[in-house]
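Comments concern the structure below.
The values are calculated or read from the model by the stated rules, or taken from the named source; none is laboratory data. Please read these numbers as outputs of a predicted model, since none were measured by experiment. Note that we place each Cβ from the backbone using ideal geometry, even for glycine, and neighbour counts take in every protein chain shown. To get the accessible areas, we keep the full protein, side chains included, count just its heavy atoms, and leave off ligands, DNA and RNA. Shrake-Rupley method; radii C 1.70, N 1.55, O 1.52, S 1.80 Å.
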4 protein chains.
Amino acid sequence: MAGVEQSPQTPARAKRADARRNQQKLLDAAAEVFVSSGVDAPIREIASRAGVGMGTIYRHFPTRADLVIAVFRHQVEECAEAGPRLLAEEDSPFAALRRWIGLFVDLLVTKHGLAEALHSEAEGFASLHAYFLDRLLPVAEQLLGAAVDAGEVRPGTQPYELMRGIGNLCVGGDTDPRYDPRRLIELLLRGIQAPPAA
Amino acid sequence: MAGVEQSPQTPARAKRADARRNQQKLLDAAAEVFVSSGVDAPIREIASRAGVGMGTIYRHFPTRADLVIAVFRHQVEECAEAGPRLLAEEDSPFAALRRWIGLFVDLLVTKHGLAEALHSEAEGFASLHAYFLDRLLPVAEQLLGAAVDAGEVRPGTQPYELMRGIGNLCVGGDTDPRYDPRRLIELLLRGIQAPPAA
Amino acid sequence: MAGVEQSPQTPARAKRADARRNQQKLLDAAAEVFVSSGVDAPIREIASRAGVGMGTIYRHFPTRADLVIAVFRHQVEECAEAGPRLLAEEDSPFAALRRWIGLFVDLLVTKHGLAEALHSEAEGFASLHAYFLDRLLPVAEQLLGAAVDAGEVRPGTQPYELMRGIGNLCVGGDTDPRYDPRRLIELLLRGIQAPPAA
Amino acid sequence: MAGVEQSPQTPARAKRADARRNQQKLLDAAAEVFVSSGVDAPIREIASRAGVGMGTIYRHFPTRADLVIAVFRHQVEECAEAGPRLLAEEDSPFAALRRWIGLFVDLLVTKHGLAEALHSEAEGFASLHAYFLDRLLPVAEQLLGAAVDAGEVRPGTQPYELMRGIGNLCVGGDTDPRYDPRRLIELLLRGIQAPPAA
DNA sequence: CATGAATGAGCTTTCATTCAT
DNA sequence: AATGAATGAAAGCTCATTCAT
């Protein structure tokens, strides 16, 4: 590996830059394909869209779930980070919760196939599931806890259950014109609200 | 006509009896397999579980959806028929609606795989979807309409959307101990309730 | 064979009449199906067209070739019998030969699929082939021989080869508007004619 | 670029060399299998004869007709190219036509199964048929036209019909010792010849 | 490291053929 | 005898995954 590398400058970096660019091509291609053909699309399709060999995908993402996670990691991170920020910005914890859930729903509904993948019980998506939970459930707990503490939400609401339910509601939210998950989620939020103290 | 069922004079009947018994074996086996392996299970698996050849399944149910529908038709019918009855029995339309939705949820949650099948966008399940809609949506409309008329539910609630949402919520309701769709559906119902006239 | 036959009158005959009528239904149905779907049509199709069970076909015609032969036997017989008659009727042996070949071609071209079946090398059609040969080759030999004797046809023409060739030419003669086997067969006949003695 | 074909600098080439060798194995195997089992032989059989997986065949030849065409393309090309050459070489257009038809017959008779495939009305062979027509019919038209112009062949002879007829005559020409299509084709040629001008 | 050819398991579907009724 | 349900071998085709280059 030493030696015949052509340009003397930044040989290692060059590789990395190359590899990173490759990764990005891959992620972009995968994202597109997930939209058009779902997260179960043939590996080959993703590879050819990315202009790389299938082996390259396997190298970078040994498992389909790894790829899916990688594709959505950025948005998941953004969403996770938005939690505390909203809590600080918004007037009330409940308002923050509502807006945060809006972001979460955007994530699931916009990225066609994500919601479906999340609910797929297929073997390989376990880790995708886990990743979502690890990253987002704590945020949900924090927001929900704050809202409960503020007396805006009835105690006893299970964060996991709520998130799972919202995730479920998002299935099909981007393809069926007669079905808008956001309306139902709004109902759900109304449902968890504590009755005015009066 | 009574008694001598085995008599050779009823050759056609004999056939039917046999075939019908076979159908039942098939439906039972399919139901089991749907539970253990999902509604996408290989035909072979169902066939071998039923102890019949694959051809037999194709004869009885040319399409996978035909089989799935057949497996669940009984329960769907029961559920559909319960709608008007509950409307008559219960104290209020809303109470009837709540109980009917309970039956609907039982159907989806109990029969593992049904909810998933319903949301499958796979080609062949279109008719399953259609069947559910044809049979159950009118009932939902009737109940919801009555509740709206009685001033118990806010006008503007879309029956289709509500049913779809409930269907979505049921996904995974039988496998995940931390997730009980019924609680969320109760929230949803609270959400559609009209505020007390006062 | 004596004894428990129900009605005392013509018991055996009754049966036979029934069976014969069945056979005819079968042959008619098979003929139709051969036209529409070729001689390789599923047995089931023929059975259902005839309104009988598949088993019945197997009983009457254990082999597909048996059925094909039965279907066309009548016409083959007619054709075979026409040979000597034409030899007697026509002005010259060559004229008789030409007209007889016309009948043969009609048989093959009219009955869609017959020509194809004849050339099928599929296992089961061997006996069909043999039947055609047994019945028609002698006739061809007789006619050709007479024409040779009369000095109308060059000696050395092989009856088998000629018949096979004509059979071949008939393939596709009923479906392709740009292809009329009769014209080519006329050329063939011209080709075997002996040059005028002059 | 000369010489070191094995050098690692030509990775793409290396692939191609390998794949090309594979293709050849495939074509050879297919040719053999077509002879022994006809062009409808199971893909599996061809694959195993070639010592490759079935997928490999599908990769190279998505359609059965693609494979058949590939198997015979070389000979078809040779035959097509021989047309004009013979026209230039031979003493008369008719002589050229006769020799060219000889080549055509060789092609069909030698490659057992080709003639049959050509007459198969099966769905997938349409393109094979088309290929033959596209490539060879123009040649036939040229030769026949020249012969007509030279007064050697009666006007009115249809090139398509003649070629089809010759193709038909070739069926079975390699298996039946009592049947030699070449003799009949010679008769046909005699039949289309214009009578000597007197 | 990347490539993409090759592999072959796994599924679907069709029918000839058998055989219980 | 007739029926047609049942059987299961055969084929086709698709992809995930491996691995030689």
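Taken over the stretch B:107-129, the criterion of being open to solvent by 30 Å² or more (accessible area, probe 1.4 Å), farther than 17 Å from residue B:36 by Cβ and within 12 Å of the chain's Cα centre (by Cα) is satisfied by B:129 alone.
Do any helices (runs of 4 or more DSSP H) lying entirely in the stretch A:43-150 carry at least 2 residues that are among the aromatic types (Phe, Trp, Tyr), and which ones are they?
Working: elements: A:43-50, A:54-60, A:64-89, A:93-110, A:114-119, A:126-149.
Counting at least 2 such residues, we get A:93-110, A:126-149.
Any residue that is in contact (Cβ under 8 Å) with a residue 12 or more places away in the chain and within 15 Å of the chain's Cα centre (by Cα) - is there at least one of those in the stretch C:144-159? For the stretch C:144-159, residues in contact (Cβ under 8 Å) with a residue 12 or more places away in the chain and within 15 Å of the chain's Cα centre (by Cα): absent. The residue that is farthest from DNA strand E (Cβ to nearest atom), counting only those in the stretch C:37-52 that are away from chain D (no Cβ under 14 Å) and open to solvent by 80 Å² or more (accessible area, probe 1.4 Å), is C:49. Of the residues making up the stretch D:167-190, those that are closer than 17 Å to residue D:93 by Cβ and either within 7 Å of chain C (Cβ to nearest Cβ) or in contact with a Leu (Cβ under 7 Å, 6 or more places away or on another chain) (or both) number 2. When the test is whether a residue is under 18 Å from residue B:80 (Cα atoms), of a type outside the set (Gly, Ala, Ser), modelled with pLDDT of 95 or more and open to solvent by less than 10 Å² (accessible area, probe 1.4 Å), residue B:136 passes it.
Just to check your reading of the model, which residue among D:35, D:39 is in contact with a helix residue (DSSP H, G or I) (Cβ under 7 Å, 6 or more places away or on another chain), β-branched (Val, Ile, Thr) and in contact (Cβ under 8 Å) with a residue 40 or more places away in the chain?
Numbers: D:35 fails: in contact with a helix residue (DSSP H, G or I) (Cβ under 7 Å, 6 or more places away or on another chain).
After applying the criteria, what remains is D:39.
Taking the condition of being assigned to a helix (DSSP H, G or I) and either of a type in the set (Asp, Glu) or open to solvent by 20 Å² or more (accessible area, probe 1.4 Å) (or both), how many residues in the stretch B:164-187 meet it? Break it down stepwise before answering.
If we filter the stretch B:164-187 for residues that are assigned to a helix (DSSP H, G or I), which is where we start, we get B:164-170, B:181-187.
Those still in the list that are either of a type in the set (Asp, Glu) or open to solvent by 20 Å² or more (accessible area, probe 1.4 Å) (or both) too: B:164, B:182-183, B:186-187.
Count: 5.
Tallying residues that are surrounded by 20 or more Cβ atoms within 10 Å (Cβ to Cβ) and within 18 Å of the chain's Cα centre (by Cα) within the stretch C:87-99 yields 1. Taking the conditions (1) within 13 Å of chain B (Cβ to nearest Cβ); (2) over 17 Å from residue A:69 (Cα atoms) in turn, residue A:113 satisfies each one other than (2).
Can you give me the number of residues within the stretch D:153-163 that are closer than 17 Å to residue D:87 by Cα and either away from chain C (no Cβ under 14 Å) or surrounded by 21 or more Cβ atoms within 10 Å (Cβ to Cβ) (or both)? Quick ask: steps written out before the conclusion?
Of the residues in the stretch D:153-163, the ones closer than 17 Å to residue D:87 by Cα are D:153, D:159.
Imposing the further condition that a residue be either away from chain C (no Cβ under 14 Å) or surrounded by 21 or more Cβ atoms within 10 Å (Cβ to Cβ) (or both) reduces the set to D:153.
Of the residues in the stretch D:153-163, 1 are closer than 17 Å to residue D:87 by Cα and either away from chain C (no Cβ under 14 Å) or surrounded by 21 or more Cβ atoms within 10 Å (Cβ to Cβ) (or both).
Being in the same structural domain as residue D:102 (by TED's automatic domain parsing) and exposed (fewer than 15 other Cβ atoms within 10 Å of the Cβ) is a description that applies to residue D:73.
If you filter the stretch A:188-198 down to residues that are open to solvent by 80 Å² or more (accessible area, probe 1.4 Å) and assigned to a loop (DSSP other than H, G, I, E, B), you find that the one that is farthest from residue B:167 (Cα to Cα) is A:198. Here residue A:79 meets each of (1) more than 30 Å from residue A:150 (Cβ to Cβ); (2) surrounded by 19 or more Cβ atoms within 10 Å (Cβ to Cβ); (3) not aliphatic (A, V, I, L, M) with one exception, condition (1). Restricting attention to the stretch C:120-129, does a residue exist that is within 14 Å of residue C:26 (Cβ to Cβ), in contact with an Asp or Glu (Cβ under 8 Å, 6 or more places away or on another chain), within 16 Å of DNA strand E (Cβ to nearest atom) and more than 14 Å from chain D (Cβ to nearest Cβ)? Scanning the stretch C:120-129, I find no residue that is within 14 Å of residue C:26 (Cβ to Cβ), in contact with an Asp or Glu (Cβ under 8 Å, 6 or more places away or on another chain), within 16 Å of DNA strand E (Cβ to nearest atom) and more than 14 Å from chain D (Cβ to nearest Cβ), so the answer is no. Residue pairs whose Cβ atoms lie under 7 Å apart, separated by 6 or more positions or on different chains, with the first residue in the stretch B:47-59 and more than 6 Å from DNA strand F (Cβ to nearest atom) and the second of a type in the set (Asp, Glu), are B:49/B:32. Among the residues of the stretch B:142-152, not a single one is out of contact with any Cys (no Cβ under 6 Å at 6 or more places or on another chain) and within 13 Å of chain A (Cβ to nearest Cβ).
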